[in-house]
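Structure first, then comments.
Nothing in this text is a laboratory measurement; each read-out follows from the coordinates by a stated rule. Note that the coordinates shown come from a computational prediction; the quantities given were computed from them, not determined experimentally. When we count neighbours, we look across all protein chains shown, and the Cβ atoms used for this are built from the backbone with ideal geometry, even at glycine.
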Amino acid sequence: MAMVCLSDFEAYAKKYLPKIAWDFFAAGADDCSTRDENILAYKRIHFRPHVLRDVSMMDIRTKLLGTEISFPVGIAPTGFHQLAWPDGEKSTARAAKAMNTCYIASTYSTCTLEEISAAAPGGLQWFQLYIHRNRAVSQHLVQQAEALGFQGLVLTADLPYTGKRRDDVRNGFCLPPHMKLKNLEGAFEVCKMNHLDPSVTWNDIYWLQSLTNLPIIIKGILTKEDAELAVRHGVQGIIVSNHGGRQLDGVPATIDALVEVVEAVQGRTEVYLDGGIRKGSDVLKALALGAKCVFIGRPALWGLAYKGEEGLQDVLRILQDEFRLSMALAGCASVSEIGRHLVQFSKL
Ligand code: FNR
């Protein structure tokens with residue numbers, strides 16, 4: 001099967017993954033309006049390309065908090081990678097390193113942080129944290145991540161409780177007995193998912209800052225008010241995210257929310273985006289609207305389901321090629337030339 005675009009990997013994953021795993025990866029909350037809107041919203045944005053620019057030499061590199069990556073697409077944190085491929089997050093880490101980009105490893109990984117870090121020594125890895133009711137568990141994970149060489153701490157802020165994903169409820173979704181949430185083993189009953197602390201507030205950013213010297217990136221911001229609070233609490237980065245439409249259904253597409261967040265932040269922290277990135281031109285639109293980098297969630301899982309590390313590299317390579325081509329066709333030879341002038345919102 002020739003894999004030409006990310007939808008080809010999606011079709012493969014849908015065909016070959018066990019239904020319960022496919023449904024878990026695909027799920028959005030309620031009737032999936034936000035999940036679907038994340039993708040549709042890109043169709044309402046059009047390019048304003050500039051022609052007759054010299055695009056014979058292309059530079060698609062960028063920097064994440066000072067560290068260079070080969071192109072502005074990283075891997076968003078998603079849980080349970082062994083549902084997609086036996087080596088799980090170790091394969092993800094290897095693919096990200098091979099493509100010289102950033103991998104955000106989830107608290108809900110099915111490999112330990114040690115295994116993830118050892119799989120890709122020297123690779124750029126951030127650790128994504130869900131704050132546990134038992135704060136000692138979270139403190140240990142943060143400090144372990146820092147000691148292992150993870151270079152950023154991503155606090156996911158949009159999951160005080162898990163959103164209602166209908167297919168997971170219907171399927172009675174639960175990890176198969178041979179898979180474990182290796183970083184939380186013994187800490188809670190996996191299927192109940194009642195271990196997260198819904199009392200977390202902005203003050204807990206100060207608590208995290210007291211535990212670690214890692215830069216803190218807050219994930220799940222959708223409004224200018226929260227962007228301002230994030231900046232005031234001294235975070236180094238913001239990921240505009242609606243959790244792939246898996247949490248509060250009815251929030252806007254991330255590409256639409258990006259605009260107000262970027263305006264509020266005024267360059268005081270880096271702003272990234274995830275949600276609905278399926279083509280290189282989506283990446284270009286997000287950068288034009290002010291994102292420094294984007295992250296992919298489900299497409300990474302489809303790549304893993306296809307061929308593990310190799311499949312994920314294929315996904316990243318296709319996005320990279322499409323991004324380079326879109327940039328060139330829009331008249332930009334380097335990422336620094338991408339700006340707001342490149343896009344317009346259609347009236348539809
Ligand atoms: C997620 N996401 C997520 N986010 C997070 O902070 N920690 C996690 O463990 C998970 N787990 C997770 C599992 C699955 C199966 C999905 C689809 C998503 C959200 C993820 O980081 C990201 O916000 C979205 O996936 C981005 O949207 P796309 O790229 O999937 O459209």
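Residue-wise test of (1) within 15 Å of THR101 (Cα to Cα); (2) more than 15 Å from the ligand (Cβ to nearest atom); (3) among the β-branched types (Val, Ile, Thr).
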residue	(1), (2), (3)
GLY280	no, no, no
LEU284	no, yes, no
LEU289	no, yes, no
PHE295	yes, no, no
LEU301	no, no, no
TYR306	no, yes, no
GLY311	no, yes, no
VAL315	yes, no, yes
LEU319	yes, no, no
Residue check: is HIS233 within 26 Å of GLU146 (Cα to Cα) and in contact with an Asp or Glu (Cβ under 8 Å, 6 or more places away or on another chain)? no
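Hey, can you tell me all the residues within the range 266-278 that are more than 12 Å from the ligand (Cβ to nearest atom) and closer than 12 Å to ILE239 by Cβ?
Pass one, the range 266-278, residues more than 12 Å from the ligand (Cβ to nearest atom): 266-271.
Once the filter is applied, which keeps residues that are more than 12 Å from the ligand (Cβ to nearest atom) and closer than 12 Å to ILE239 by Cβ, the range 266-278 yields THR269, GLU270, VAL271.
I'd like to check which helices (runs of 4 or more DSSP H) are fully inside the range 198-311 and have at least 1 residues that are free of Cβ contacts under 8 Å to residues at least 12 places away in the same chain.
Details: elements: 203-211, 224-232, 254-265, 280-288.
Because the criterion is at least 1 residues that are free of Cβ contacts under 8 Å to residues at least 12 places away in the same chain, the helices (runs of 4 or more DSSP H) in the range 198-311 that meet it are 203-211, 224-232.
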I need the full set of residues from the range 1-22 which are buried (at least 18 other Cβ atoms within 10 Å of the Cβ) and charged (D, E, K, R), in order please. GLU10
Does VAL51 count as β-branched (Val, Ile, Thr), surrounded by fewer than 14 Cβ atoms within 10 Å (Cβ to Cβ) and either more than 16 Å from the ligand (Cβ to nearest atom) or under 25 Å from ASP249 (Cβ atoms) (or both)? yes
Number of the condition not met by GLN128 [criteria: (1) in a loop (DSSP other than H, G, I, E, B); (2) within 13 Å of the ligand (Cβ to nearest atom); (3) in contact with a strand residue (DSSP E or B) (Cβ under 7 Å, 6 or more places away or on another chain); (4) not hydroxyl-bearing (Ser, Thr, Tyr)]: (1)
Tally of residues being basic (Lys, Arg) and exposed (fewer than 15 other Cβ atoms within 10 Å of the Cβ) across the range 195-237: 1
Identify, please: which residue in the range 94-126 is touching a residue at least 40 places away in the same chain (Cβ under 8 Å) and of a type in the set (Phe, Trp, Tyr) and is, among those, nearest to LEU159 (Cα to Cα)? TYR108
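Mind listing whichever residues of the range 78-110 are in a loop (DSSP other than H, G, I, E, B), among the hydrophobic types (A, V, I, L, M, F, W, C), within 13 Å of the ligand (Cβ to nearest atom) and more than 20 Å from GLN320 (Cβ to Cβ)?
PHE80, ALA84
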MET58 meets each of (1) within 16 Å of GLY237 (Cβ to Cβ); (2) in contact with a strand residue (DSSP E or B) (Cβ under 9 Å, 6 or more places away or on another chain); (3) surrounded by fewer than 17 Cβ atoms within 10 Å (Cβ to Cβ) with one exception, condition (1)
Pull up the range 136-156, narrow it to residues that are of a type outside the set (S, T, N, Q) and out of contact with any helix residue (DSSP H, G or I) (no Cβ under 8 Å at 6 or more places or on another chain), then point me to the one that is nearest to the ligand (Cβ to nearest atom). VAL154
